[in-house]
Amino acid sequence: MADFATEKLRARKQIGFRLNLVLLGVLCFYLIITAYSVFILWQQSEEFKHLTNTQFERAIHAAELSRDAEQITSQALEKMIVQDYNNTYYQSLSNTPRKLFDSIRNKLYATTDKEKTILDEIDNITTPYFSTLKILDHYLLREEELTKKKSSISNGLSHLQESISSAGHNTPQQQYFNNLFLNAINITLLSQNSVKRGELQAQKNAISGLLAKMYYLDNLSSAQSSLLDQLFQTAQFAFSTKTQFQNQHLATLSAIRKTRQQAQRLSAASYDFYLLLKIATLDSTQKHDALIRDVITNIVLFSCAFLVLTAFAYWFIRHYLIFRLNRLNNTMLQHVKGVKAPIPQSGEDEIALMGKAFSVFVEATEQAKRDSITARKEVEDANLKLLQLNQSLQTLSHTDDLTQLSNRRFFFKKFTEYWKKASIEQHDISLIMIDLDWFKQFNDHYGHQAGDKCLIEIAQILKTDSEAVGGLAARYGGEEFIILLPNIDRMRAMTFAKHLRRKVGEADISHEASNTGRVTLSIGVATHQPKPGDDLDKLIYLADQTLYEAKKSGRDQVLEFVES
């Protein structure tokens, strides 16, 4: 293995040095372009500042002057249309616009004789214009007062209408009076919206006629006379106010026309001044545009050079860095997937050192993998042997060596678990105690080896049938067996016990020392539903006693314990 870890690269061959050199060159060129651009922009700024101060600003002020003249007149017209008249608005219409107009006018100055002539004309028109505005605003305020009077008249007429509506009309004369009274009110209300003078005069004559008819009626009550007097006064005031309003409205329209004429003259003079400034501004702008074109040409040239330099830097980084790193990365990925591929190690820079380092790493990994496979196989063999040994030990600790049934210790462990579960869930649990009849005589007659075979055959029957019903069969001792039947009641337990006795009889195992000539079983059955605190030994005792009674009363039978 090459000792490349201690290998030191010369500065010019290092990737960092080359990359820094390229980036530094690009940065320096960028700084040069930036400095030049800043200088040119500063020149443009100075030129544009001069252009703005001398031409643009004056042109803007002239345009604002023309706009303000039109805007002030528009405000007056808007005020007349929406009828929004109050003292605060009076100040904004007459004083504030004048101050705003004068502030803009004071910013304008003339640089030529023609400009001075137009500014003098603007000054001569300004005072008459704002005088007409004051007159117009006075007329508008007067119209506002008359409008408020009209509103008061309408409210009074509505009140009279409510009063006459609430009055009684039991007699024909009262009903006739009420109808004339309501017609007079409606005509008076209608007169407030009349536009033509002839129409207003006709309505006035109609009201006079209605009032005369009501005054000439006989037997008017005091309330009717009072209402009639109020109507007469309100109608006179209404027609008087409406006549004043029409006259005032005509005067206001005349003032509007005069104000509009003055505004047009002032706006035209301001616009003429604006046109002069616009021409001067265009001349300055053309000079400025020529300077900008020169600047743009130089910036384009520098940008092209910068683009070429950037392309070279991109090619260098792509060819000497990215391409080689991607190649090394793909090789590493292939090795990760388990595909062996040649590792690139050419060159004298950091990427080459990375390739060499990865080659050493791959070689060490392969060796470690081989060692790991060997060690893992040894561990697996050892684990297999240990598992087999554990299974053997577990089987020995749980089962009887001869019959391969569960031994007594394992039986009591499971019996305790089922007992606790049955006490919680409140279901039955049954025990079957089994004893082979005359088994000692069987051993004496046939020998102990034949006795062992008999025990094994009987145990297989018990195990197979017990597991089929969810029970657990175990060797209790000698020729005695015990079967645990969880969640099985007394009747099912008796049925199962009789089934076992019959099946062993069908096996027909010869027993010449027995009265029956074959092997038989004596069986005792006990069933109990345990409660918290009950002792499981009691159920075993009961099953054992029942078995004893079965043997005592003749063997080859099944008895059950019945609780009194």
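Can you pull out the chymotrypsin sites (Phe, Trp or Tyr not before Pro) in region 207-248 whose DSSP state is coil and whose Cβ has at most 12 other Cβ atoms within 10 Å? Kindly include the intermediate steps, with their values, before the conclusion.
Working: sites: Tyr215, Tyr216, Phe232, Phe237, Phe239, Phe245; in loops: Tyr216.
Those that pass, being in a loop and sparsely packed, are Tyr216.
Amide H to amide H under 5 Å from Thr399: which residues, 5+ apart in sequence or cross-chain, H placed 1.01 Å off N in plane?
Those qualifying (amide H under 5 Å, at least 5 residues apart or on another chain) are Asn407.
Rank these for me by crowding, Met354, Met433, going from fewest to most other beta carbons within 10 Å. Each step should come with its number before you reach the end.
On the way: Met354 18, Met433 24.
Fewest-to-most Cβ neighbours within 10 Å comes out as Met354, Met433.
Taking the alpha-carbon distance from Lys114 and a cut-off under 21 Å, which lysines remain once sequence neighbours fewer than 8 residues away in the same chain are dropped?
Cross-link targets: Lys278.
Using only the alpha-carbon atoms, what does region 124-253 span along each of its principal axes? Please give whole angstrom values in decreasing order.
Principal-axis extents of region 124-253 (Cα, largest first): 75, 25, 17 Å.
Answer rounded, prolate or oblate for region 211-334, using the Cα gyration tensor with square roots of eigenvalues a ≥ b ≥ c: rounded when a/c is under 1.5, else prolate when a/b is larger than b/c, else oblate. Before the final figure, lay out each step's value.
Values: a/c = 16.71, a/b = 2.56, b/c = 6.54.
Because a/c hits 1.5 or more and a/b fails to exceed b/c, region 211-334 counts as oblate.
When the Cα centres of region 97-113 and region 420-473 are compared, how far apart do they sit, in Å?
Region 97-113 and region 420-473 have Cα centres separated by 126 Å.
If you keep only loop residues by DSSP, which GluC sites (Glu not before Pro) in region 440-522 have at most 13 other Cβ atoms within 10 Å of their Cβ? Please list the in-between numbers first.
Working: sites: Glu457, Glu467, Glu479, Glu480, Glu506, Glu512; in loops: Glu479, Glu512.
Passing sites in region 440-522 are Glu512.
In sequence order, what are the phi-derived ³J(HN,Hα) couplings for region 475-490 according to the Karplus relation 6.51 cos²θ - 1.76 cosθ + 1.60 with θ = phi - 60°, rounded to whole Hz, with x for glycine and proline?
8, 8, x, x, 9, 9, 10, 9, 10, 9, 10, x, 6, 10, 7, 5
Quick one: dipole size for region 402-560, taken about the Cα centre, charges +1 on Lys/Arg Cβ and -1 on Asp/Glu Cβ, in debye to the nearest 20. Each step should come with its number before you reach the end.
Details: 22 positive and 23 negative charges, 55 e Å.
It works out to roughly 260 debye.
Dimensions of region 402-560 along principal axes (Cα, Å, largest first)?
Sorted largest first, the three principal extents are 49, 30, 24 Å.
Can you list the residues, at least 5 places off or on another chain, whose amide H is less than 5 Å from the amide H of Tyr476, using H built in the peptide plane?
Phe481, Ile482
Could you pull the Cα extents of region 346-398 along its three principal axes, largest to smallest, in whole Å?
That works out to 71, 14, 7 Å along the principal axes.
Starting at the first residue of region 138-149, write each ³J(HN,Hα) from the Karplus equation 6.51 cos²θ - 1.76 cosθ + 1.60 with θ = phi - 60°, in whole Hz, x for Gly and Pro.
Coupling constants for region 138-149: 5, 5, 5, 5, 5, 4, 5, 5, 5, 5, 5, 5 Hz.
Once phi is turned into ³J(HN,Hα) by the Karplus curve 6.51 cos²θ - 1.76 cosθ + 1.60 with θ = phi - 60°, what whole-Hz value does each residue of region 364-377 show in order, with x for glycine and proline?
Each residue of region 364-377 in turn: 5, 5, 4, 5, 5, 5, 4, 5, 5, 4, 4, 5, 5, 5 Hz.
Once you sort the root eigenvalues of the Cα gyration tensor of region 350-453 as a ≥ b ≥ c, which label holds: rounded (a/c under 1.5), prolate (a/b larger than b/c) or oblate (the other case)?
Taking the square roots of the gyration eigenvalues as a ≥ b ≥ c, region 350-453 is oblate.
Only the coordinates and a few stated rules stand behind these numbers; no lab work does. If you're wondering where the values come from, they're calculated on a predicted model, not measured in any experiment. Neighbour counts are summed over all protein chains in view; Cβ atoms, including those assigned to glycine, are modelled from backbone coordinates with ideal geometry.
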